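Bear in mind that the values in this text are calculations on the coordinates, not laboratory data. All of these numbers come straight from a predicted model, not from anything done at the bench. Glycine gets a Cβ as well: all are built from the backbone with ideal geometry, and neighbour counts include every protein chain shown.
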């Protein structure tokens, strides 16, 4: 039977319930980042295991984004029917189980097939907990969305750092099995707490302003203007996710292959990027309150473009790490702003549309960078991240200020 939440104002929910919900959701954001980063730092080892070329690996990595994109719109509908909290818990279990599969493969096609499953779970949990977070952000009427994504980045930093420590001593199979057990443990602890908390409903005025019917039992009907704005925010998410995915999938390989870094040092590349993302997102609420969303997007895209040019073209590994960090600071708040605005305008459907476009960037990124690396070189291919970050900044200038905030 569908879980239909009674419509209420934010004042109907005790402040303590909002705090508990915020902590519990942050735990799932952190878990997602932890598991994903643990996988990406083992990509060089799994590339060697499968004996894949750069382009073949790119096509295999396409599985993560393809699986995510295919399930995202479906997840938006599931969140409307059953609620975003139960869907988050189910997807967390699937994510934890599916991360054990890549080390069991020995060819690029097999790797791509299991990554479809991993990507489906990854895409599902992203739509579900972002939808839950948008509900809470709207109820609190504060731009706290970056703090949830800071939890994701913090989890990614810890996962990448741990991966770097064990890269020389643990096989990918044992390492990712450990991630699975940790993921299931966190879900067992945080899942019941999330299921006990009813999602806060946005005020009626906010719903009407969005131009969409946000009754969770009904599909969202978007006005043409709202649909266009959701797509604009989705394009910003696309440019941002392309960069995040590129650094996750190719950053360690760039350091190890092009700059002669050790496996442990190469894993630190994504860790530095995730640390910078975490810092940027922890300060994101303050930044958004001072600059507004438009200027935050423009400044962030410009900063990321400069940082990635440095990281891609420098011949020195330490300078590349610095470039990764600057890129992380620049990209930090672009995706949270895009998803939060799309969700405020159109509920779970808006989150799903923006996330689908966003992960379309990740869908495009792995094969595009892989083929460009074969045609030119990996450093040249990575400059495409800088180009799309600049595009995100330009798109940010087109957002109506009363919509962007």
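Some observations on this one:
- Rounded FRET efficiency, nearest 0.05, which uses the C-beta distance separating residue 110 from residue 196 and R0 of 60 Å: 0.90
- In degrees, nearest ten, helix 15-40 long axis to first principal axis of the chain (Cα): 20
- Angle between the chain longest axis and helix 317-331 axis [Cα atoms, degrees, rounded to 10]: 10
- Counting only the Cα atoms, the range 304-405 fills a convex hull of 94 Å³ per residue.
- With each label modelled as a point 7 angstrom along the Cα→C-beta vector, the residue 70-residue 97 pair spans 1.7 nm.
- The slack between residue 387 and residue 225, meaning 0.36 nm per residue of separation minus the straight C-alpha distance, is 55.5 nm.
- Here r is the Cβ-Cβ distance between residue 374 and residue 141 and R0 is 60 Å; the resulting FRET efficiency, rounded to 0.05, is 0.75.
- Subtracting the Cα-Cα distance of residue 181 and residue 299 from their residue separation scaled by 0.36 nm leaves 38.5 nm.
- Taking other Cβ atoms within 10 Å as a rough exposure proxy, 277, 372, 145 sort from fewest to most as 372, 145, 277.
- Inverse mean reciprocal Cα-Cα distance (Kirkwood Rh) of the chain, Å: 20.6
- The modelled label-to-label distance between residue 53 and residue 17, using points 7 Å beyond Cα along the C-beta direction, is 5.8 nm.
- Tail beyond 11 Å, pair distance distribution of the range 296-340 (Cα, percent): 59
- Difference of contour (0.36 nm per residue) and Cα-Cα distance, residue 286 to residue 319: 9.0 nm
- Quotient of Cα Rg and 2.2 N^0.38 Å for the range 102-164, N being how many residues it contains: 1.51
- Helices in the chain, meaning DSSP H runs of at least 4 residues, each add -39500 (n - 2.57). Divided by all residues, the mean residue ellipticity at 222 nm is -28000 deg cm²/dmol.
- The base-10 log of I(q)/I(0) for the range 32-176, evaluated at q = 0.15 Å⁻¹, reads -0.78 [Debye formula, identical scatterers on Cα atoms, solvent excluded].
- In this simple spin-label model, placing a label point 7 Å from the Cα along the Cα-to-Cβ direction at both residue 306 and residue 188 gives a separation of 4.9 nm.
- Exposure proxy order (Cβ contacts within 10 Å, fewest to most) of 244, 48: 48, 244
- Helix 224-253 vs. the chain, principal-axis angle (Cα, 0 to 90°, nearest 10): 30
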